[in-house]
Amino acid sequence: MAPADDFTPNWLPFVMLLAGGLIVLLATAFLIARKQAFSIASPLERLAAVSQRIGQLDFEAIPAVTSNIKEIQQLASTQDNMRKMLQQNQRALAEQSDRLQHQVDALQQAEANLRESNAYNKVLFSESRIPLLVLEPDTEIIVDCNLAAARIFHLADRASLLNKHFADISSPTQYDGFDSAESAKGHIKLAQLKGSHLFEWRYTYPDGKSWDAEVHLMDFAFESRPLLQASLLDITDRRATADEINKLAFYDTLTRLPNRRLFLDRLQQALSGSRKEHEGALLIIDLDDFKSLNDTMGHDKGDLLLQKFAQRLSECIPEGDTAARLGSDEFVVILKDLNGNSQDAATVAQGVAENIQALLQQPFDLAEQTYHATASIGIALFGNHMDTTAELLKRADLAMNQAKRHEQHNLCFFDPGIQDAVNSRMNLETDLRQAIQDNSFKLYYQPQVDHQGCIIGAEALIRWPHPTRGMVSPAEFIPAAEQIGLILPIGHWVLESACQQLVLWSKDSVLEKMTLAVNVSAVQFRKTDFVKQILAILDRTGANPKRLKLELTESMLLHDLEGIISKMATLKARGVLFSLDDFGTGYSSLSYLKRLPLDQLKIDQSFVRDLLTDPNDAAITSTIIALAHSLGLEVIAEGVETEAQHHFLTTQGCRAFQGYLFGKPGPVEQVLSRHIITQSHQTVKRALS
């Protein structure tokens, strides 16, 4: 037998072949794996490089990374989208940064300009030669001033003025005699209301000496803080010169009373102001036996008597009236705006004349010589606008001559019948007091209409139905009430009743926009608490102040104009309306008209009555309408009774009317029913047409 080895297969070649194949397979697998790894690693390295550039805020475009591997290709695409988005954001941020930088630069420039402007204004304020004060309106404290202001007050520096109250540097009282602290409040309110306000003011130096200034108050705000700037102009010399010229031209050099020239001017004013039942009186006083005094004691004693009598005469006449010297031993007194009928005026005039006679009964000391003087007094009443100064002087002179002929009674009226009528005044006063106690008064209303005849408001008019006298005219009892002090409770009742009526109208959609005009007497308005009373009535009744119209007369404006303006400004700030009644019949002046916070001018019925026949009245009426329009004021004509008057007024531009043509005064139901029904009919007629 052959050996076993002879039968064993030869595996070596097979193993070698298998080993070689395995080696080739492994080498192939290695190469494939290496290539596959490179195809993965290369794009990832490029993606990593891109990410690094993105991290360095480099978003510029690069060649796209490509790969056969889907996930790597998606990653590359996402990375590129992210790069583009970041690139857009970077550009937007850069643009926003540029804009912000421009804004910062602009703000810095504006701040620099503001600092420069503030510095310039500060220098302009402090270095100005015009004295300037800055006040806090509420406290009236001086919070700033320039050196010129300190110098005009004779002070060494600005600090001496700062933190002082406005009243501390003012005279205790002003030209009108009112307290400076109260007057200052009125001027400040007007400056705040109008934005600026010009007025004259009396200040004091540290030594107490007074000086005069023209003050221009201007309202402004600094950093939301309300302030007032006052610029001052010294007018002391100007006022002194004007006063001296005025004295030389209009005053008697011996007695310092108004001379004949000024007397005639004031008498003409009094006559012009008496167009609406305002009575006045002229007294002529002639010293008895004055020629004998001059002949026996000398002219120097006669001059001394005239001086001493003039002083006593000035002290005994009512405030606002005029005492003057006509010449030689003849003096005159004008009593105006007595606000009553002839009997009332006669009572007042007689009382003044008796006071003058009582003063004459006191002996005069004429340089260590005692002299007892007497005088004859003639009184002439006036109230008819047809009176002339010459005619009135003639009447008073005739009455004075008649008084001289009476040895027992050296006082005489031109009309002796007036004296008897004065006695009946007491009965009227007694009945008036009883009427107030019994609440006997009624409030009537007269409609006010627009140019289409539609009612826009009414005027409240008081009426007194007396059980035996019948309907007593207000022209009769109102002056009596003013003289004996009863006008205050009557006026208060009228205002309260009018406001209650406004409340009732406010609940009706047709009537809620109507205004109600109420006449205010001078006695009422001059009361120090008048404003407080009006505001209390408004608050108590709940009436809309914008529907309440207070009617003032021109005669009220002759005294304490600044105080009147202050009261009006306070009520105006609350919404109350103001109408100037009887415009053109008294002391009409543009200087006060443009300063008053008015809403309306009212053309007096005395002009309307004759405007178709009297060219002067027609011209005055047209002028008043044009003046009201130029000042931005409403205008209403009262006393319109005919269509011809209505047509003329309409053609001249008047758009509001009151008078019998549109309705007589009557109870509120009667007045409103007629006009509301008429307006409703007109509205329906216009709708149908």
- Here the range 472-487 yields Karplus 3J(HN,Hα) values (6.51, -1.76, 1.60; θ = phi - 60°; whole Hz; Gly and Pro given as x) of 7, 5, x, 5, 8, 9, 5, x, 5, 5, 5, 5, 9, x, 8, 5
- Ordered by number, the chymotrypsin sites (Phe, Trp or Tyr not before Pro) in the range 571-654 that occupy a DSSP loop and have at most 15 other Cβ atoms within 10 Å are Tyr587
- Item | Alpha carbon centroid spacing (whole Å) that separates the range 315-331 from the range 422-492 | 34
- Taking the range 251-422 and dividing mean pair separation by its residue count, relative contact order in percent (alpha carbons under 8 Å, at least six apart): 30
- Task: Quick one: of Lys185/Lys567; Lys442/Lys664; Lys442/Lys602; Lys527/Lys567, which pairs are farther than 22 Å apart, Cα to Cα?
- Result: Lys442/Lys602
- Item | Under Karplus coefficients 6.51, -1.76 and 1.60, residue-wise ³J(HN,Hα) of the range 141-151 in Hz, glycine/proline x | 8, 7, 9, 7, 6, 9, 5, 4, 5, 4, 5
- Query: Under 27 Å Cα-Cα from Lys70, which lysines qualify once same-chain neighbours fewer than 8 residues away are excluded?
  - Reply: Lys35, Lys84
- Set the Förster distance to 51 Å, then compute FRET efficiency between Gln369 and Arg405 from the Cβ-Cβ distance, nearest 0.05. 0.95
- Message: Let me check against my output: what whole-number percent is the relative contact order of the range 486-682, with C-alpha pairs under 8 Å and at least 6 apart?
- Response: 13
- For Phe657, Phe290, what's the fewest-to-most ordering of other Cβ within 10 Å of each Cβ? Phe290, Phe657
- Taking a straight Cα-to-Cα line shorter than 26 Å from Lys301, and setting aside same-chain lysines fewer than 8 residues away, one finds Lys247, Lys291, Lys404
- Item | Length released on extending from Arg53 to Leu75, taking residue separation times 0.36 nm less the Cα-Cα span | 6.3 nm
- Task: Pull up all non-local amide H partners of Gln448: gap of 5 or more, or a different chain, and H-to-H distance under 5 Å with H placed in the peptide plane.
- Result: Ile456, Gly457, Ala458, Glu459
- Query: Which whole-Hz couplings ³J(HN,Hα) result when phi for each residue of the range 513-530 is put into the Karplus expression 6.51 cos²θ - 1.76 cosθ + 1.60, θ = phi - 60°, listed in order with x for Gly and Pro?
  - Reply: 8, 6, 9, 10, 8, 10, 6, 10, 7, 4, 4, 4, 5, 7, 5, 5, 9, 4
- Once Lys and Arg are counted +1 and Asp and Glu -1 for all other residues with Cβ under 13 Å from that of Tyr205, the total becomes -1
- Add +1 for every Lys or Arg and -1 for every Asp or Glu among the other residues with Cβ under 9 Å from the Cβ of Asp252, and state the total. +3
- Message: Cut-off is 10 Å between beta-carbons; in what order do Glu182, Glu223 appear when sorted fewest neighbours first?
- Response: Glu223, Glu182
- The answer for Ala375, listing residues at least 5 apart or on another chain whose modeled amide H is closer than 5 Å to its amide H, is Asp288
- So for Met218, Met471, Met556, fewest C-beta neighbours within 10 Å to most, what's the order? Met471, Met218, Met556
- Just need the relative contact order of the range 470-547 here, percent rounded to a whole number, with Cα pairs under 8 Å and 6+ apart. 36
- Item | Built amide H within the under 5 Å cut-off of Leu366, gap 5+ | Tyr371
- Charge context of Thr236, other residues only, Cβ under 13 angstrom, K/R +1, D/E -1: -3
- Query: What whole number of Å gives the distance from the Cα centroid of the range 223-256 to the Cα centroid of the range 610-645?
  - Reply: 36
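Coordinate-derived values only; no laboratory data. This structure is a prediction, so every number in the text was calculated from the model and none was measured. For neighbour counting, all protein chains shown are included, and Cβ atoms are generated from backbone atoms with ideal geometry for every residue, glycine included.
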